[in-house]
Structures are given as structure tokens and as C-alpha cells.
1. Looking at 353, 288 in this structure, which one is part of a loop (DSSP other than H, G, I, E, B) and surrounded by fewer than 18 Cβ atoms within 10 Å (Cβ to Cβ)?
2. Looking only at the range 101-126, filter to residues that are in contact (Cβ under 8 Å) with a residue 24 or more places away in the chain and farther than 24 Å from residue 266 by Cα; which one of those is farthest from the chain's Cα centre (by Cα)?
3. Please verify whether the range 173-189 includes one or more residues that are touching a strand residue (DSSP E or B) at 6+ places or on another chain (Cβ under 8 Å) and either buried (at least 23 other Cβ atoms within 10 Å of the Cβ) or at pLDDT 85 or above (or both).
4. May I ask you to say which residue of 104, 164 is exposed (fewer than 15 other Cβ atoms within 10 Å of the Cβ), in contact with a helix residue (DSSP H, G or I) (Cβ under 9 Å, 6 or more places away or on another chain) and over 25 Å from residue 33 (Cβ atoms)?
5. Take residue 363 and tell me if it is within 22 Å of residue 484 (Cα to Cα) and modelled with pLDDT of 95 or more.
6. Do you know which residues across the range 291-317 are in contact with a helix residue (DSSP H, G or I) (Cβ under 7 Å, 6 or more places away or on another chain) and either closer than 23 Å to residue 353 by Cβ or not in a loop (DSSP other than H, G, I, E, B) (or both)?
7. Conditions: (1) touching a helix residue (DSSP H, G or I) at 6+ places or on another chain (Cβ under 9 Å); (2) within 22 Å of residue 151 (Cα to Cα); (3) without any contact (Cβ under 8 Å) to a residue 24 or more places away in the chain. Residue 59 meets all but one. Number of the miss?
8. Quick one: which of 201, 214, 170 is touching a helix residue (DSSP H, G or I) at 6+ places or on another chain (Cβ under 9 Å), buried (at least 19 other Cβ atoms within 10 Å of the Cβ) and outside the structural domain of residue 408 (by TED's automatic domain parsing)?
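The values are calculated or read from the model by the stated rules, or taken from the named source; none is laboratory data. Everything numeric in this text was worked out from a predicted model, so none of it was measured. All Cβ positions, even for glycine, are placed from backbone atoms using ideal geometry, and neighbour counts span all protein chains on display.
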């Protein structure tokens, strides 16, 4: 073992506690989320360094010394997963010591080393080399050398090698760090983070099988894709009754719009030791995953939590689509919310036997129903019901998500519903299945499994779940919100205020659009 590696280890502290303490070493817990773009790459690089050390030690046992191991790895990068061009003066020293021993111009030195690592590893380009640790704003360092030195020293206190921590453990800790950033991230948190219990329910219900292709068009930090891999492995091991066997991993695909979050997703994949292809760009306007014929690529499972109620897409974005994502009878759901536009994209991304799970605002299940006249969003929702694509709808508890207190729903699609489920939709109102938390509520493991088992088995239970046929949905003007059909208390149940307010906002927006169009017509005829 290389020198100083034992002295770095602090086994008395959990990995999650250590990783959060390291993040807080800059300016404390309150400000840690502001520095996530510095902290995540640094911890990621520490993992790369320690794993590289383990690989060098393995080679050294065969060739006699670490010095020779360094030389061989430099000559043939295929001997290691990631080749790191960081060579300590003493080859017996840990690779990380090159960064740890930086004494002056630390920000510049860290940036230089990370860019050198990226140059040697195309898979890491744009991921760890996009951050400038020497960056300034109005002449002031964003992260000065003193605080960066404190962070490096905090990261140095625990070893993250293959013999120290398994990929799934450090992966869970990394996700824990992302969650802690989300807690302090305010409105931006929902752009990169889905509560883990929601992702676990989605992945268990979708039941991904070894070798399947899984796609998330709005992947954020990649958490939903990771959850699918974990659910698949847990299911296989449960069937094998604890006997571990090699299984084909899932093939994971994702697209993310924000460069920093795209980098986060790639780091999350690698640190979980999972293989994934994460593309960058606006999925709605330019989906990157296409077939050789230029058509939209299709997958076995699709999972997503798109930003709710996006209002920056116009009718022309739907009309000009060349990928047949928005079919006649559905199409443009109105300017005020792209929720059902995203559902259409996900539906178009499913192969003939595929299934999907998508998190939406609760209003997406009911807006427009019961209103006089037509409503574009309701029209799209009706198209999905009439084409028997909706398998089930899950109504979540309030205050789970970090950027809103609204409950949200999970919509499950199935392009190959079993015959006995055709013409029906399974509704689950899990609004009461939670425990109070700080700062957010959470669903305990027993609740997660209860909800997943209920959805998988279509188990009807009073005050929790119901099978509703299409005729009843039509009678209720295609309102598919579980809260409309399943009352969770003995008293008269009222619809959530947030749901009603959102519907009123949509009605007001549509009224404004109608007034604007009427004004144009009146001006043209000279009235």
C-alpha cells in the first residue's frame, strides 16, 4: 500500500457524514450548495485518484514496484479504467498527494491538473475540466485559496479506493451530497434532483430487466437512471434468493439541458460504476437520440421528471416537429404548460412493448376538466385515455420536492397493456403515505414498497387505490387525478387548493389569449 494512505482514513465517521463535512468546510452548511460545482468535481477526482492508486498497486505486485507500474500505465492506458497524469515525486506516495500538496496558486494548480486528467480521458472531457477553481467575479476569487485548501484537506481525510468503499456505497453517498445541495438549492433544486423515494417507486413499478435500454430525456443529475439500475439488480438478486450472479447491466441514456447538471449526471454515473450515455442540449427542441434513419430512437423504459409547467414552448414548436412526436388529436397542449408535450415526447420514445413513468404537476391530471368549452390540455389527456396508453396514476404526498410544496403525480404509460387491464386506469392516492421531515416530508421504505406493490399488482384498497374504467373517466370529463376518485378521510374531501389555483391560472391565461386574438380580429375589420 502506498505511503500515507492509512493516515488519511477516518473509519469512525460514516461516508455520508464525511462527505457533507467536506462540503461544509468552505463556509458552513448554509453556503455549501453555492459551491457544489467546485465540491462535486473535487470529490469525484479523489475517487478517481484512489481507484487509480489501487490499480497501480495491483500492477506493482506483478512487476515489482509502483515506479514501474506508473511507467506501464503511462505507456498503455488500457491497463487502467482512467489514466491520471499525476505522478508524485515519490512513486510510493498516493496520487492524490499531487493535489493535496499544492501550496500556492492552489486554484490554478487544481484547474491545471483536472484539465490534464480530462485530456487523457475523453470520457471525462467537459465533466471535470469545465470548472475553473481560479475563477473571479468582479476581481474577487469565487473560492479563494485558503478555503480551497480547507476543502482539499477535508476531502483528503477519507480514502475512496476499491478496497475502502464499494461503488454503490460511494454512489449513495454522492447522491446524499446532491440531496443536501438540493435542500439549500431553493427553486433551482428541482432542475437536478428528484426525491429518492419517488425515483425508487418509479423504478420498481417499471420493473426493468437485465440488458434493457432506459432513457431519461430530462435526466438532471441522473438519479432516476441510477435508480432503475439498482431496482433491476435488487430484483435479480431477490429472485436468486441472495445468490449473486453476473447480470447484464442496463444501457442508460439521458439528455440534460444545463451544462453543470450534465456534468453532474456524468460524474454520478461513473462514481456509481455504471455505464451511461448522457447528451447535452434541449431535448424538447433537439432530442439527441435518433435512429440511423433520423427518426426518434425508442427504448424499453422511459423515466423522467421534467420541469413542471414550462411556458416557453409555442404552438410552432409542436407544428414544426419533424419526428412525429405530437400526433393528430393531441399535439399542442396550450402555452401555459408543456407537461403533456413532454408526455408526448416520452410516448414517442417508447418501443412497441415499452413502459414509462413521468413525474408531473398535479394540475396536469385535471386542468380543463369540468370547464365549459374546449381545453387543449384536456384534449391531449383525452387522447392518451382514448388510446389506452395510461396504465396508472399515482398521487404523491405534499412537500416531497425541493422546489415546491405541491404533491405532484406520477403518470405510468404502457404501450402493451395486458388484456385484462385494457379500457381501465389504476389510480392510487398516496397523499397520506408519508412521514414528517425537516425540511421536507419523506416516504419511508415500508411506504415505498406498499405503493410499489399496489401499483404492480393493481391491488384495490379503500382510501388508497381504485380501478376506474374509461367510461367513468369520460363521465368526469377526463379528470384522471386520483384525488377526484379516492377520498382519504371520512369527512368530505376537498380538492387541494394548489390544484384549483393552477387550473384558475390556466383559465385566465387562455382567456387572455382569446382576448388578444379577438382584439386582432376586431382591428382587422375596423371595429
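1. 288
2. The qualifying residue farthest from the chain's Cα centre (by Cα) is 104.
3. No, because not a single residue in the range 173-189 is touching a strand residue (DSSP E or B) at 6+ places or on another chain (Cβ under 8 Å) and either buried (at least 23 other Cβ atoms within 10 Å of the Cβ) or at pLDDT 85 or above (or both).
4. Going through 104, 164 in turn, just one is exposed (fewer than 15 other Cβ atoms within 10 Å of the Cβ), in contact with a helix residue (DSSP H, G or I) (Cβ under 9 Å, 6 or more places away or on another chain) and over 25 Å from residue 33 (Cβ atoms): 104.
5. The answer is no for residue 363.
6. Once the filter is applied, which keeps residues that are in contact with a helix residue (DSSP H, G or I) (Cβ under 7 Å, 6 or more places away or on another chain) and either closer than 23 Å to residue 353 by Cβ or not in a loop (DSSP other than H, G, I, E, B) (or both), the range 291-317 yields 296, 301, 302, 303, 304.
7. The failed condition is (2).
8. So the residue among 201, 214, 170 that is touching a helix residue (DSSP H, G or I) at 6+ places or on another chain (Cβ under 9 Å), buried (at least 19 other Cβ atoms within 10 Å of the Cβ) and outside the structural domain of residue 408 (by TED's automatic domain parsing) is 170.
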